[in-house]
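The values are calculated or read from the model by the stated rules, or taken from the named source; none is laboratory data. All figures in this text were calculated on a predicted structure; none of them were measured in a lab. Cβ sites come from the backbone with ideal geometry, for glycine too, and all protein chains shown count toward neighbours. In case anyone asks, the SASA skips ligands and DNA or RNA and just uses the protein heavy atoms, side chains included. Shrake-Rupley method; radii C 1.70, N 1.55, O 1.52, S 1.80 Å.
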Amino acid sequence: MQSPSTHLRWILGVAALLWAVVIAINASAFFFIAAPENQRVLQNNVGWERTYKPMIHDRLQPEVAVFGASWARDAFDYEEISNLLGRSFFNHAVSGGFPYENRRFLQSALAGGRLDTVVLNLNSFIRHPRQTQFQYGFNDGLLNVHPDGSKNAQKGWNRFFAATLSGAAVGNNLSAYSIVRKFRAGTPKEVLLHAYDRRDFSSAPARLHHWQRVLAGQPSGEGAPEALDVEALPRQLDELAEALRLACAGGVRVHTYWTISHPVILDYVPDQQQLKQAIWDFLATWKSRCAAGLSYWDFSYPNAITLEGLRPGDPSLSRFFRADGHPRPSAGQLMAARMFDRPMLTDRLKDLGLDLMRLSREEARRWISEREARWRGEWRPGAREVVLHDLDASALHAKP
């Protein structure tokens, strides 16, 4: 009869063996997930970004990356943007990403890669009142450096634990395996990924009819200026300021942009010109410190993308927006083409975004003011005709 100590050794031995098997399986799964060919369908996936994206970024060493919340995660498809730019691209945006998280991911990426260009979603870098510092699942210990910039000596162990031993690893791996398996079996990523969901504009007939009238040149009754707390704004931009300091000091080019949105999806459309002008003033103070370049792109005003589907007879299913209002990868392609000056449909569009850093303060103020007035149904002579032209051109873009 075996002694209790022998039984204990057997139990511990079996537990150690099972532990080793779990580690081996999860470690293999991580390398499978991080493989470049599987990024085609995983970088826009939901749920595991905070844990795995810092590690995958360091493995792939991209030249260009986007940082922000799900507005950016859904908009920029890894494969499509890489092909568009002809350069290695990484989508580092995470679901519900808060300013601190976005800045820390950027800080880690700059310390552990070869980035020369970053795209920052401005909506995701403005800290709102009562917003917490980070979301559940964020782990500072996985990043290359501490918040003060010093090297994170425990990074290796922390990443090993997160990828192989944590309970989250099992769920992350199973989810990723399932998606990749279906993708390799021939299921299109447009079916697998929520980023490719499509908004049905006909589901909100009152809003649709309302904005059809605006496109016809009638007043909207919306677009009242949204109050801006000038005193609080600097505190709300502290993470954006730190992100700019890090990127510009590292000789990295920075593109900043506003997320596009659709008035049929929103409950009410405010006039954002005060905020947009304030951000221009803020970025202007950084321009001379960003030797590699700093741009400020505004896509969020009435144009061919944000007014999609408003003409009678247009298809009701959106090519550019998800049901929740997030931009789809088809919209991200057009924004990327503009920001990186790549030929695409954008060369046929007369009015889709502008780098406001190329304008003087007064020119930028006038440009912003004229376009925000469109939300109220106030069109300068010829502006509505330009948008109608672009709506025809944009119909050539984006598969379902």
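Keeping all protein chains in place and using 1.4 angstrom, which order do 314, 77 fall into by accessible surface area, from largest down?
Values: 314 45, 77 0 Å².
Ranked list, largest accessible area first: 314, 77.
Let me know the charge dipole size of the range 279-369 about its Cα centre in debye, to the nearest 20, where only the beta-carbon of Lys, Arg (+1) and Asp, Glu (-1) is charged. Mind showing how you got there, number by number?
On the way: 14 positive and 11 negative charges, 25 e Å.
Dipole about the Cα centre, nearest 20: 120 debye.
Where in the range 60-144 are there trypsin sites (Lys or Arg not before Pro) that are in a DSSP coil and have at most 13 other Cβ atoms within 10 angstrom of their Cβ? It would help to have the intermediate numbers written out before the result.
Working: sites: 73, 87, 103, 104, 114, 127, 130; in loops: 87, 114, 127, 130.
Taking the range 60-144 and a limit of 13 other Cβ atoms within 10 Å, the loop trypsin sites (Lys or Arg not before Pro) found are 114, 130.
How far is it, in nm, from the label point at residue 378 to the one at residue 224 when both lie 7 Å from their Cα along the line to the Cβ?
My value for the distance between the label points is 1.5 nm.
Any chance you could look up the accessible area of residue 49 with a 1.4 Å probe, heavy atoms only, rounded to 10 Å²?
Answer for residue 49: close to 0 Å² accessible.
If you look for lysine pairs in the chain that are eight or more places apart or on different chains, how many of them have Cα atoms under 20 Å apart?
Here the count comes out as 5.
Leaving out ligands, DNA and RNA but keeping every protein chain, what accessible area does residue 175 have, in Å² rounded to the nearest 10, with a 1.4 Å probe?
50
With a ≥ b ≥ c the root eigenvalues of the C-alpha gyration tensor of the range 178-237, is it rounded (a/c under 1.5), prolate (a/b larger than b/c) or oblate?
Working: a/c = 5.13, a/b = 1.49, b/c = 3.45.
Since a/c reaches 1.5 but b/c is at least a/b, the shape of the range 178-237 is classed as oblate.
With a 1.4 Å probe and all protein chains kept in place, how do 78, 52 rank by accessible area, largest first?
78, 52
Treating only the Cβ atoms of Lys and Arg (+1) and Asp and Glu (-1) as charged, compute the dipole magnitude of the range 156-307 about its Cα centre; round to the nearest 20 debye. Please list the in-between numbers first.
Numbers: 15 positive and 14 negative charges, 186 e Å.
Here the range 156-307 has a charge dipole of around 900 debye.
Considering the values (1) 0.97; (2) 1.09; (3) 1.18, which represents Cα Rg over 2.2 N^0.38 Å as calculated for the structure under consideration?
Of the listed options (1) 0.97; (2) 1.09; (3) 1.18, (2) comes from this structure.
Just to verify a number: what accessible area does residue 280 come out at with the full protein assembly present, 1.4 Å probe, Å² rounded to tens?
30
Please work out the C-alpha center-to-center distance from the range 296-347 to the range 106-132 and express it in whole Å.
Here the answer is 23 Å between Cα centres.
Once the dipole of the range 45-108 is set up with Lys and Arg at +1 and Asp and Glu at -1 on Cβ about the Cα centre, which of 98, 71, 82 lies farthest towards its positive end?
98
Using only the heavy atoms of the protein chains and a 1.4 Å probe, how would 50, 198, 181 rank by accessible area, largest first? Before the final figure, lay out the partial values.
Values: 50 25, 198 75, 181 150 Å².
These residues rank, largest area first, as 181, 198, 50.
Going by the alpha-carbon gyration tensor, a ≥ b ≥ c the square roots of its eigenvalues, is the range 111-250 rounded (a/c under 1.5) or, if a/c is not under 1.5, prolate (a/b greater than b/c) versus oblate? Display every interim value, and only then the final one.
Values: a/c = 2.56, a/b = 1.28, b/c = 2.00.
Oblate is the answer for the range 111-250, as a/c is 1.5 or above yet b/c matches or exceeds a/b.
Apply 1/(1 + (r/R0)^6) to the Cβ-Cβ distance of residue 126 and residue 362, taking R0 = 22 Å, and write down the FRET efficiency to the nearest 0.05.
Taking R0 as 22 Å, the efficiency between residue 126 and residue 362 is 0.35.
Using amide H atoms built 1.01 Å from N in the peptide plane, name the residues 5+ places from residue 269, or on other chains, whose amide H lies under 5 Å from its own.
Amide H neighbours of residue 269, under 5 Å, 5+ apart: 223.
Tell me, how many Å apart are the Cα centres for the range 365-385 and for the range 232-267?
When both Cα centres are located, 24 Å separates them.
Below 8 Å, C-alpha to C-alpha, sequence gap of six or more: please give me the relative contact order for the chain in percent.
Details: 665 pairs, mean separation 75.6, N = 400.
It rounds to 19 percent for the chain.
To the nearest 20 debye, what is the magnitude of the charge dipole of the chain about its Cα centre, counting +1 on the Cβ of each Lys and Arg and -1 on the Cβ of each Asp and Glu? It would help to have the intermediate numbers written out before the result.
Values: 47 positive and 41 negative charges, 181 e Å.
Dipole size: approximately 860 debye.
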